[in-house]
Amino acid sequence: MNRRMLLWWGVGLLMLATVLGAVIVSAYPAIPGFDQWWNDAVAGARADWMLDFALVLNWIGGGWVAILAVPLFTILVLVIVRWWRGAVFAALSFAASAGMVQLLKQIFGRARPDDMLVVSDYGSFPSGHTANAATIALVLWVLFPRVWVAIIGALWVLAMALSRTFLSVHWASDTLGGALVGAGVVLVLAAWLLPWVMRTKHEISAPVG
């Protein structure tokens, strides 16, 4: 992977997320049209299976599962296979993504939809669940750059984004912002650390003797 390209993409995605948040909270005295339309459309078409699906992802993508269990499991697996530099990269990505999400939430302070179906923390933009999903997807793709990893990761992020709007706990643009933040953080860190991370992988896979 080209480090300069990773850096440009990462910085670009983070800047786009920041600009998107700034435009939403400053240029629109009311909710942007697409956000309101999508929230109303989901509320009108909401079925039991959608709620069940969304509630499962709400549990997986938030709270102690997303903050501790999933990151620690990913890190532990990398440590077990003796790829400790990959584990460091994953740990830094999870921490930096969570930190960036909280920073933007505090800066923008966007209100959540009034009809949300689950309790959540302060700030609607960006979606922390979607950012976490994007972080996991990009970490795995950077460490294991295969087409099937990218496809599964993209589907995971899309599913998480949809689930947040199914519960009316986020506006659609919040989920876009979350995906941009999660992906951007990982790409920036990859541009910085990837050669160092991959050195250990090559040493592990090299034949002995």
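The values are calculated or read from the model by the stated rules, or taken from the named source; none is laboratory data. Everything numeric here is computed off the predicted structure, so don't read it as measured data. Please note: Cβ atoms are built from the backbone with ideal geometry, for glycine as well, and neighbour counts cover all protein chains shown. Quick note on the areas: whole protein, heavy atoms, side chains included, nothing else; ligands and nucleic acids left out. Shrake-Rupley method; radii C 1.70, N 1.55, O 1.52, S 1.80 Å.
Report, to the nearest whole %, how much of the accessible area of the chain belongs to carbon and sulfur atoms, 1.4 Å probe, protein only. Accessible surface attributable to carbon and sulfur in the chain totals 74 percent.
Packing order of peptides 66-73, 101-108, highest average first: 101-108, 66-73 (average count of other Cβ atoms within 10 Å over each peptide's residues). The alpha carbon convex hull volume per residue for the stretch 96-209 rounds to 102 Å³.
Kindly state, to the nearest 0.05, the FRET efficiency for Leu55 paired with Ile152, given R0 = 35 Å and r defined as their beta-carbon distance. Plugging the Cβ-Cβ distance into 1/(1 + (r/R0)^6) gives 0.95. Placing unit charges on each Cβ (+1 for Lys and Arg, -1 for Asp and Glu) gives the chain a dipole about its Cα centre, and among Leu193, Ala183, Leu6 the Cα reaching farthest toward its positive end belongs to Leu193. In this Cβ point-charge picture (+1 for Lys and Arg, -1 for Asp and Glu), the chain has a dipole of about 920 debye about its Cα centre. Given Val139, Leu57, Tyr122, which one lies farthest toward the positive end of the charge dipole of the chain, if we put +1 on the Cβ of every Lys and Arg and -1 on the Cβ of every Asp and Glu? Positive-end residue among those listed: Val139.
Annotation: per residue accessible area for the chain equals 52 Å², rounded to a whole number [probe 1.4 Å, protein chains only]. Among 127-136, 166-175, 36-45, sorting by the average number of other beta carbon atoms lying within 10 angstrom of each residue, highest first, gives 127-136, 166-175, 36-45.
From the Kirkwood radius over Cα pairs of the chain, Stokes-Einstein at 4 °C and 1.567 mPa s returns a whole-number translational diffusion coefficient of 73 µm²/s. Of interest is the spacing of the C-alpha centroids, which for the stretch 180-201 and the stretch 91-122 amounts to 23 Å.
Using Cβ point charges alone (K and R +1, D and E -1), the dipole size of the stretch 104-209 about the Cα centre works out to roughly 260 debye. Report the extension gain between Leu92 and Asp121 in nm, rounded to one decimal, defined as 0.36 nm multiplied by the number of residues separating them, less their alpha carbon distance. Length difference between fully extended and current span is 8.2 nm.
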